[in-house]
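So the structure is just underneath, and the comments pick up after that.
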Amino acid sequence: MNRPQRDPALHNQGIAVNDVIVQVIVKSPPAEIWQIWSNFPEAPLWDTDVRHCELDGPFQAGTRGKCVLKNGLNMPLKLEAVSPYESYRNSARLLWIDLEFDHQMRRLSPDETHVIHSAKIAGPLSFLYRGLLRKALTAAMTTALDNLRTLAEQRSNAITRQGQAKTGTHLHVV
């Protein structure tokens, strides 16, 4: 099984660039992953730490929304950047914590995609809670990426099976 990989935090002159990075190879085309990412109300299907997600507009930069976590906390968010079928980045605020989540993908072949999710942690006194939050985010993001992979592969396989059934040769009794 191809489990998501976690990279150690990258550093640039002592400043944390990304606090958490997880990545996985998905046996699915980028379009299938994009469909899953851009359908915010379906986020709980793959991000099991989320109970509900919604956007107040289209899936494009500048759109605001919110996610309600399983623990009941409300997390306002904003889509900061969207590159269709490639990546999106959103900022979020959870209590006094500023978070930035980056979602990227790279096509490896027609039916295989490299998916990377990363998170940055900031805010007042972030040095006090960064270690604990990094550990929690790593676990949650690893599970979410595992679930995303499973969902994308299931959907891709269903589409492939439908296409094979439709293109099959039909026999007619004369």
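Residues being among the hydroxyl-bearing types (Ser, Thr, Tyr), within 16 Å of residue 46 (Cβ to Cβ) and not in a strand (DSSP E or B): count how many of those fall in the range 107-156.
Residues of the range 107-156 that are among the hydroxyl-bearing types (Ser, Thr, Tyr), as a first pass: 109, 113, 118, 126, 129, 138, 142-143, 150, 156.
If we keep only those that are within 16 Å of residue 46 (Cβ to Cβ) as well, we get 113, 142-143, 150, 156.
From what's left, not in a strand (DSSP E or B): 142-143, 150, 156.
Here the count works out to 4.
Given the conditions (1) modelled with pLDDT under 95; (2) farther than 19 Å from residue 47 by Cα, report the number of the one that residue 93 does not fulfil.
Unmet for residue 93, out of (1) modelled with pLDDT under 95; (2) farther than 19 Å from residue 47 by Cα: (2).
List the residue pairs whose Cβ atoms are under 7 Å apart, where the first residue sits in the range 50-79 and is within 23 Å of residue 137 (Cβ to Cβ), the second is in a strand (DSSP E or B) and aromatic (Phe, Trp, Tyr), and the two are 6 or more positions apart or on different chains.
Matching pairs, first to second residue: 79/88.
Conditions: (1) closer than 15 Å to residue 144 by Cα; (2) outside any loop (DSSP other than H, G, I, E, B); (3) not basic (Lys, Arg). Residue 47 meets all but one. Number of the miss?
(2)
Report, ordered by the first and then the second residue, all pairs with beta carbons closer than 9 Å, sequence separation of six or more or different chains, a first member in the range 109-131 that is on the phi > 0 side of the Ramachandran plot and at pLDDT below 90, and a second member that is surrounded by fewer than 15 Cβ atoms within 10 Å (Cβ to Cβ) and in a loop (DSSP other than H, G, I, E, B).
Between residues of the range 109-131 that are on the phi > 0 side of the Ramachandran plot and at pLDDT below 90 and residues that are surrounded by fewer than 15 Cβ atoms within 10 Å (Cβ to Cβ) and in a loop (DSSP other than H, G, I, E, B), the close pairs are 123/95; 123/96; 125/96.
Conditions tested, residue by residue: (1) in a loop (DSSP other than H, G, I, E, B); (2) surrounded by fewer than 18 Cβ atoms within 10 Å (Cβ to Cβ); (3) out of contact with any strand residue (DSSP E or B) (no Cβ under 8 Å at 6 or more places or on another chain).
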| site | (1), (2), (3) |
| --- | --- |
| 28 | yes, no, no |
| 57 | yes, yes, no |
| 80 | no, yes, no |
| 88 | no, no, no |
| 105 | no, no, no |
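The values are calculated or read from the model by the stated rules, or taken from the named source; none is laboratory data. Values in this document were obtained by computation on a predicted structure and should not be read as measured data. So basically every Cβ, Gly included, is an ideal-geometry build from the backbone, and we count neighbours across all protein chains shown.
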